[in-house]
1. Explain nothing, just the number: dipole magnitude of the stretch 23-155 about its Cα centre with +1 on each Lys and Arg Cβ and -1 on each Asp and Glu Cβ, in debye rounded to the nearest 20.
2. Rounded, prolate or oblate for the stretch 5-123? Axes are the square roots of the Cα gyration tensor eigenvalues, ordered a ≥ b ≥ c, and the cut-off for rounded is a/c under 1.5.
3. What is the local net charge at Asp50, summed over the other residues whose Cβ is closer than 14 Å to its Cβ (Lys, Arg +1; Asp, Glu -1)?
Amino acid sequence: MKSTPEKDYSQELAWIDKAATFLDNRFRIPGTNIRFGADFLIGLIPYAGDVFSFALSGMLVLIMARKGASGMALVKMVGNVFIDGAVGTIPLLGDIFDLKYRANMRNLSLLREHYAEGKHRGSAWWVVALIVVVFFALVGVSLYLVWKVLYWVIS
């Protein structure tokens, strides 16, 4: 008997659902519809909490990769985690952003769409290659500017 992709998802990856919900949606502020999770609470610890939260989200993405998410889905997931981590480091604004953005729930949604609806398929090598090229270009420009400033200071 062949099972459906949704059934495979629910059996094999149900605990990822629980982990994402715990990190992003577990608690509710009484009297409101505002939900938050452990990710928000950990993020209240300046910098160290953001790094720990970033690591937890990164581990979830790695697990999703091992469970068969496509390259395109993984690039989108890493983008969600990066945005959450980058904005999360800004004091107060990052904490408010964390209440709404919920990178882990977004990634869970991407994974569900990947398995159940066949979305986000395909390779992402071109995206990775573009990121590497941009990174090395920025490093090159930075080194050139440092060299010019040092030359200007010395002469």
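FYI, it's all coordinate maths here, none of it is from the lab. Worth saying up front: this structure is predicted, and the values here are computed from it rather than measured. Every residue, glycine as well, gets a Cβ built from its backbone with ideal geometry; the counts of neighbours run over all protein chains shown.
1. The dipole of the stretch 23-155 has a size of about 360 debye.
2. Prolate is the answer for the stretch 5-123, as a/c is 1.5 or above and a/b outweighs b/c.
3. In short, -4.
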